[in-house]
1. Here are the criteria: (1) surrounded by fewer than 18 Cβ atoms within 10 Å (Cβ to Cβ); (2) at pLDDT 90 or above; (3) not polar (S, T, N, Q). Tell me which single one A:Arg306 does not satisfy.
2. Only one of B:Glu7, B:Glu34 is touching an Asp or Glu at 6+ places or on another chain (Cβ under 8 Å) and either free of Cβ contacts under 8 Å to residues at least 60 places away in the same chain or more than 30 Å from B:His150 (Cβ to Cβ) (or both); which?
3. For B:Ala114, all conditions in the list (1) within 23 Å of B:Leu203 (Cβ to Cβ); (2) within 8 Å of chain A (Cβ to nearest Cβ); (3) under 21 Å from the mean Cα position of the chain (by Cα); (4) not in a loop (DSSP other than H, G, I, E, B) hold save one; what is the number of the exception?
4. Please determine whether any residue of region B:41-54 is facing chain A (nearest Cβ under 9 Å), buried (at least 19 other Cβ atoms within 10 Å of the Cβ) and in contact with a helix residue (DSSP H, G or I) (Cβ under 6 Å, 6 or more places away or on another chain).
5. When A:Arg220 is evaluated against the numbered criteria (1) over 26 Å from A:Gly33 (Cβ atoms); (2) in contact with a helix residue (DSSP H, G or I) (Cβ under 7 Å, 6 or more places away or on another chain); (3) surrounded by fewer than 19 Cβ atoms within 10 Å (Cβ to Cβ), which criterion, by number, is the only one it fails?
6. Filter region B:64-91 for residues that are over 19 Å from the mean Cα position of the chain (by Cα) and in contact (Cβ under 8 Å) with a residue 60 or more places away in the chain; which is farthest from B:Glu142 (Cα to Cα)?
7. Any residue at all in region B:92-106 that is over 19 Å from the mean Cα position of the chain (by Cα), assigned to a strand (DSSP E or B) and either at pLDDT 95 or above or closer than 24 Å to B:Leu166 by Cα (or both)?
8. One residue is enough: does region B:219-236 have a residue meeting the conditions within 14 Å of another protein chain (Cβ to nearest Cβ) and aliphatic (A, V, I, L, M)?
Amino acid sequence: MILRLVAGRLAMLAVTVAVASIAIYGALYLAPGNPATLLAGGHATHAEIRLITRQLKLTEPFFTRYWDWLFGLLHGNLGESFLYREPVASLLAPRVLNTVFLVTYASVVIVVGGLALGLASALFKRLGMGITILTGVGLATPSFVAAIILITLFAVDWKLFPVFGGGAGFVDRLDHLTLPAVALALSWLAYTSQLTRTAVEDEVKKEHVETARGRGIARRHIVTRHLLRNAMIPISTVSGITVAGLIAGDVVVEQAFGVNGLGSFLVSSALDKDFASVQAVALILVATFVVVNALVDIWSLFLDPRLRAKGA
Amino acid sequence: MAILHLEHLAIDLQTAGRLRRVVHDVTFRLAEGEAVGLVGESGAGKSLTSRAVIRLLPDGARVHGAILMEGRSITDMSRESLRSYRLSEVAMIFQDPRAHVNPVRRVGDFLTEALVERGEDRKKALEIVTGLLATVGIEDAERRMRQYPHELSGGLLQRVMIAAALSISPKLLLADEPTTALDVTTQSDVMVHLDAQRRGRGLAMVFVTHDLELAIAVCDRIAVLYAGHLVEDSPAAHLHEKALHPYTRGLLASRPSPTLRRERLAAIPGRPLSGLEVQEGCVFCSRCAHAQERCQKERPVLRELGDARVACHRAEELLEGGRSGGADGAEFEVRVGDRG
């Protein structure tokens, strides 16, 4: 029963990615400007440009080109960068790790920090007031503003963290990516905290919690088995979307901190009209987003037995 | 010695920022193994009274008077002794099992939770509750325990709740309208099991209901509450012939008879007052056909009358009159469809 639901969800995932691939490819197809002109340089003749255009197969109809691209993708070939004359895959390889590290780091900060703050503000009324004010400010701070403040304070003034770059090796990366991760996480953390607070407060009022209290169950067990356990359902649904949203926020933060990752590569490739790279990165970001969402959906099947029944 | 003793219990609730008295004066004793039915209309305070016994009142509620469990004051218990009291001496069966059982945990987890909390080995706890499910008429216990609450019918889930209450071998059961949320056909089924288990184990019970006939059938005594006051406390067996308070007689008369077909159902005139609306004099006098000047000025105190207690100035007179007149509440105005 649960397997069928999971299979259905995975099929939906495949369809979404397929549709997204058409949209991504189509958007760049329609984008103004000819990459051949750019590649040939300022002094190129018409004949040279025409040659490059033909080499890049830019004259072929849309679906032929899309099909070639898709065929390549399915065979693990992300295409070749016009600019660097190198397979996109080998350009991405060193950058992927930075981005994965950064996004994972930020996700952990969001989930751990958001849950802890939200739970604390739901259970301790006085503390809750302060936390609500702080998270309100956090929620209103965009990541590029947070980045500037963090760099100024922690990197420049107090010299606690490096200003620039992604680092190499685990510890060095951790050091380099702490500020970027915090900048990326801040508003989502605030959001998750407020969401957790609301979800736990809703759950506190539920009758089954009253039953548990009436049976003499210890407060810490009520919190873990009844409050958090049940509140996890809305929390994980929404925070799954927030984590997926980090992938978009990542572009800004990598630029701000000079982290050489997928986000900053996407920006520079777009500026250079390096279509193959843009397409590849965009598709990876979309696919990750969709996969994270699907994982959250599947995870909530495990959290909530009532959902399993509905699908049967 | 009484297992439970309520002495001038009064409860204030926080409403719109201020404390208002909802339960005014409830006094009764419950002997070991005895069942008392707390009967009354909505707002009479019966549910709050039962919840006060397990200290499960809304936030900000204030309790006055005494609630003693085997001589120990429940209102003064420390957090730790309250926990151990709830874990081993008293268990509550709630009205709506669907809402009162955590929907995302397995039935087996719900059943064993209190035992495990008490330090019982998990396997032993499972054994105990498996046996209990059989005694409340659930046959395929092992399968049921792996299921989730939404996979069980309301009647089945309420029997699970009863088994969970029995699991800690309490001395006192609190049942807050345990069959009200169920459909009629399963009500009697659930009630039969609850009654059999209670009698078989010799448990004391506070049974909250607005179904007077049901209370008479399963309880030893009936305590009638009106507007936060205990107005009568009589043995269940004699209540039909010898109800002392006009309100009790009104309740008895307004129940449709299964054998006698009437044009209209009897009803007590007026609407039921809640504990919030109490004024001077007898709390029931605004709806009482026998009210006199004295009733409007002076609140009757609860006093003993034979083997019962009643709070009515005219109880003796009316009892005499009732005997000679014979009828079952013919003194009440008769209306249709206004049963509070």
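The values are calculated or read from the model by the stated rules, or taken from the named source; none is laboratory data. Remember, it's a predicted structure, so these values are computed and weren't measured experimentally. Note that we place each Cβ from the backbone using ideal geometry, even for glycine, and neighbour counts take in every protein chain shown.
1. (2)
2. On inspection, the qualifying residue turns out to be B:Glu34.
3. The single condition B:Ala114 does not satisfy is (3).
4. yes
5. (2)
6. B:Gly71
7. No: zero hits.
8. no
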